Amino acid sequence: MTNADFGSRPVVEVDLDALCENFRRLAALAPDARTAGVVKCDAYGLGAGPISRALAREAGCRIFFVAHAEEGVRLRADLAEDAPDAEIFVFHGGSPATLELFGEARLTPILNSLDQARLWAARGRGPAALHIDTGMRRLGAPAGEIAAIAEIDGLSISVLMSHLANGFDADHPANASQRDALAGAAARFPGAAVSLAASGGALLGPAYAFDMVRLGVGLYGVDPLERDDDAGSDVVAPVARLTAEVLQTQDVAPGERVGYGGTFEAKRPTRLATVALGYGDGFLRAGSNEAQAFVGGAPCPVAGRISMDLTTLDVTDAPTPVSPGDRAEFFGPNLPIEAAARACGTIGYELLTRLGPRVARRYVCARAASRDAG
Ligand SMILES: *Cc1c(COP(=O)(O)O)cnc(C)c1O
């Protein structure tokens, strides 16, 4: 990538080959289950169109999940050529306001309550999925509604699903109790495929795979299991690389302060590099004085507060000189997104979904290099 391509805009490069490789690796852990791609929230900020098309074309993915009906409508258009037959599930289910969209875009609602189930049975068409709550207490029909839902006339449930509250923690005892609760409820819906695992659940072993796994964050190269080191995943490969251009370098003397509020004080003769990325691009301000960026051949710490458009790095210890025009990597193959997220007090999911419209998305694919600077 040359600077001429993107000027001074931050860029997230999305490796579509790694995306599809992650799909295959995680699918191989549950060979008897179908594998679905979760592309809600614009495919975790990386672009639902290019992501879903790559999954359909290169990985054979034919089942997708989004959160909102409106996301499903857009996805249906995105997949019109590559996978017109794809099944698109909508986590939030249908409401009187969105019901029309389900028919028009051939979306499958995920019913989360007796009320939603009654509405779909009365006004919808075709099968639906049912999300039951097995202990997370976030979304899903509570245990007390399941019998009534099973008895609704003319309601056809094709997928019975639930969601793990602690799927990122392989040792958590709630995983097994949620699994057992789902397995118990499945007896009431004999024709339905059963689905529990998201990316974390996919790593918990065959007992969690049931008939379908719903892969989100793992596809995008973020470790589905929470870990307390900064090493990055040994199961999935990095997919997203966030870089921004160095605009200026300068030397400051001991005692000088950097940025708003002067929260970084140079303790030695210090070389600074100011980079064109800020919280306005979605890189969290909480990473001030904590996060790092890889530039000049090494990770270099953020010096001072991250501002809207700019971040200053201490590049004193970089093994090779840093100059204006160089690009600093805030996460990617050289700097695990898990480490960046931890430095910002958050998780990889949030770093990805916060990437703003000013960050250019660039799609990298060995087979057919494609580009979208949108
Ligand atoms: C977001 C979501 C997923 C995907 O989760 P990941 O951890 O990103 O794999 C699966 N199921 C439900 C219900 C979700 O909300």
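The values are calculated or read from the model by the stated rules, or taken from the named source; none is laboratory data. As the structure is a computational prediction, the values presented were derived from the model and not from experiment. Methodologically, a virtual Cβ is constructed for each residue, glycine included, from the backbone with ideal geometry; neighbour enumeration extends over all protein chains shown.
Only residues that are of a type in the set (D, E, K, R) and away from the ligand (no atom under 13 Å from the Cβ): list them for the range 24-41, please. The answer is ARG24, ARG25, ASP32, ARG34.
Could you grab me the full set of residues in the range 280-313 that are polar (S, T, N, Q) and surrounded by fewer than 20 Cβ atoms within 10 Å (Cβ to Cβ)?
Pass one, the range 280-313, residues polar (S, T, N, Q): 288-289, 292, 307, 311-312.
Scanning the range 280-313 gives ASN289, SER307.
Of all residues in the range 72-122, those being charged (D, E, K, R) and on the phi > 0 side of the Ramachandran plot number 1. In the range 179-197, what residues are surrounded by 22 or more Cβ atoms within 10 Å (Cβ to Cβ) and over 15 Å from ASP133 (Cβ atoms)? ALA197, the sole residue that qualifies. If SER156 satisfies every condition in (1) farther than 17 Å from GLY124 by Cβ; (2) away from the ligand (no atom under 16 Å from the Cβ) but one, which is the exception? The number of the failed condition is (1). Taken over the range 315-364, the residue count meeting the criterion of being hydroxyl-bearing (Ser, Thr, Tyr) and in a strand (DSSP E or B) is 1. Examine the range 125-146 for a residue that is over 26 Å from the mean Cα position of the chain (by Cα) and either hydroxyl-bearing (Ser, Thr, Tyr) or farther than 30 Å from ALA207 by Cβ (or both), and state whether such a residue exists. Among the residues of the range 125-146, at least one is over 26 Å from the mean Cα position of the chain (by Cα) and either hydroxyl-bearing (Ser, Thr, Tyr) or farther than 30 Å from ALA207 by Cβ (or both), which makes the answer yes.
Table: residues versus (1) within 15 Å of the ligand (Cβ to nearest atom); (2) in contact with a strand residue (DSSP E or B) (Cβ under 9 Å, 6 or more places away or on another chain).
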| position | (1), (2) |
| --- | --- |
| LEU119 | no, yes |
| ALA122 | no, no |
| ARG138 | yes, no |
| ILE149 | no, yes |
| ILE152 | no, no |
| ALA187 | no, no |
| VAL217 | yes, yes |
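Only one entry of LEU160, LEU164 meets the criterion of being assigned to a strand (DSSP E or B) and surrounded by 22 or more Cβ atoms within 10 Å (Cβ to Cβ), and that entry is LEU160. Suppose we keep only residues that are part of a loop (DSSP other than H, G, I, E, B) and buried (at least 20 other Cβ atoms within 10 Å of the Cβ) within the range 232-270. Which one would you say is modelled with the lowest pLDDT? So, considering only residues that are part of a loop (DSSP other than H, G, I, E, B) and buried (at least 20 other Cβ atoms within 10 Å of the Cβ), the one modelled with the lowest pLDDT is GLY232.
Filtering the range 159-178 to residues that are away from the ligand (no atom under 16 Å from the Cβ) and either of a type in the set (Asp, Glu) or farther than 15 Å from ASP133 by Cα (or both) leaves ASP171, PRO173. For the range 350-359, the count of residues that are free of Cβ contacts under 8 Å to residues at least 60 places away in the same chain, under 18 Å from ASP42 (Cβ atoms) and surrounded by fewer than 16 Cβ atoms within 10 Å (Cβ to Cβ) is at least one.
Filtering GLU226, GLU245 for residues that are touching a helix residue (DSSP H, G or I) at 6+ places or on another chain (Cβ under 9 Å), within 16 Å of the ligand (Cβ to nearest atom) and touching a residue at least 40 places away in the same chain (Cβ under 8 Å) leaves a single hit, GLU226. THR274 passes every criterion in (1) in a loop (DSSP other than H, G, I, E, B); (2) polar (S, T, N, Q); (3) under 26 Å from ASP317 (Cα atoms) apart from (1).
The C-beta contact set for the range 176-190 (first residue outside any helix (DSSP H, G or I), second residue exposed (fewer than 12 other Cβ atoms within 10 Å of the Cβ), distance under 8 angstrom, 6+ apart or interchain) comprises ARG188/ALA147. Of the helices (runs of 4 or more DSSP H) lying entirely inside the range 20-129, the ones with 2 or more residues being under 21 Å from CYS365 (Cα atoms) and in contact (Cβ under 8 Å) with a residue 60 or more places away in the chain are found at 40-44, 48-59.
Taking the conditions (1) surrounded by fewer than 16 Cβ atoms within 10 Å (Cβ to Cβ); (2) over 30 Å from PRO324 (Cα atoms) in turn, ALA27 satisfies each one other than (1). With the condition kept exactly as written, say whether any residue in the range 306-314 is part of a strand (DSSP E or B) and over 26 Å from VAL222 (Cβ atoms). Yes.
Within the range 191-211, the residues that satisfy the criterion of being within 14 Å of the ligand (Cβ to nearest atom) and not in a strand (DSSP E or B) are LEU196, ALA197, ALA198, SER199, GLY200, GLY201, ALA202, LEU203, LEU204, TYR208, ALA209, PHE210.
Would you pick out the residues in the range 45-58 that are within 15 Å of the ligand (Cβ to nearest atom) and not β-branched (Val, Ile, Thr)? Result: GLY45, LEU46, ALA48, SER52, LEU55.
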